[in-house]
Amino acid sequence: MSGESALDLAARRLERAVFVLEQRLAERLKTAGAEAGGLFDQDRAKLADELDKARARERELEEAGAEASAALGRAILEIRAALNGGAAAQEH
C-alpha cells in the first residue's frame with residue numbers, strides 16, 4: 001500500500017462525493033431561485049392587473065351608486081310633491 005489505509009481512501013472518496021453533491025445542489029438552488037423569481041414576477045404582474053381591474057370596478061360601482069342615490073332622491077322629491085299637492089288639493 002502507498003501508506004494510505006482503505007479507510008483513508010474511503011474517507012477521501014466520501015469527501016469528494018460530498019463536495020460534488022454540494023456543487024450540484026448549489027447549481028440546482030441557483031436555477032430554482034431564478035425560476036422562482038420569474039414566477040414571482042409573473043404573480044406580481046398578475047396581481048397588479050387584477051388590482052387595477054378591481055379598482056376600476058369599484059369606481060364603476062361608486063358611480064352607479066351615486067346615480068342610483070340621485071335618482072332615488074329625485075323620486076322621493078316627486079312623491080313628496082305629489083303627496084303635498086294632493087293634500088293641498090283636498091284642503092281647497
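Kindly give Rg over Rh for the chain, based on alpha-carbon atoms, with the Kirkwood expression for the hydrodynamic radius.
Numbers: Rg = 38.8 Å, Rh = 21.3 Å.
Answer for the chain: 1.82.
Taking square-rooted eigenvalues a ≥ b ≥ c of the alpha carbon gyration tensor, is region 1-49 rounded, prolate or oblate, where a/c under 1.5 means rounded and, failing that, a/b exceeding b/c means prolate?
Details: a/c = 12.23, a/b = 8.56, b/c = 1.43.
Here region 1-49 falls in the prolate category.
Roughly how many Å² is the accessible area per residue of the chain, as a whole number, for a 1.4 Å probe?
Values: 8440 Å² over 92 residues.
Spelled out: the 1.4 Å probe surface of the chain, per residue, equals 92 Å².
The values are calculated or read from the model by the stated rules, or taken from the named source; none is laboratory data. Remember, it's a predicted structure, so these values are computed and weren't measured experimentally. Protein only, heavy atoms only, side chains kept; ligands, DNA and RNA dropped before computing areas. Shrake-Rupley method; radii C 1.70, N 1.55, O 1.52, S 1.80 Å.
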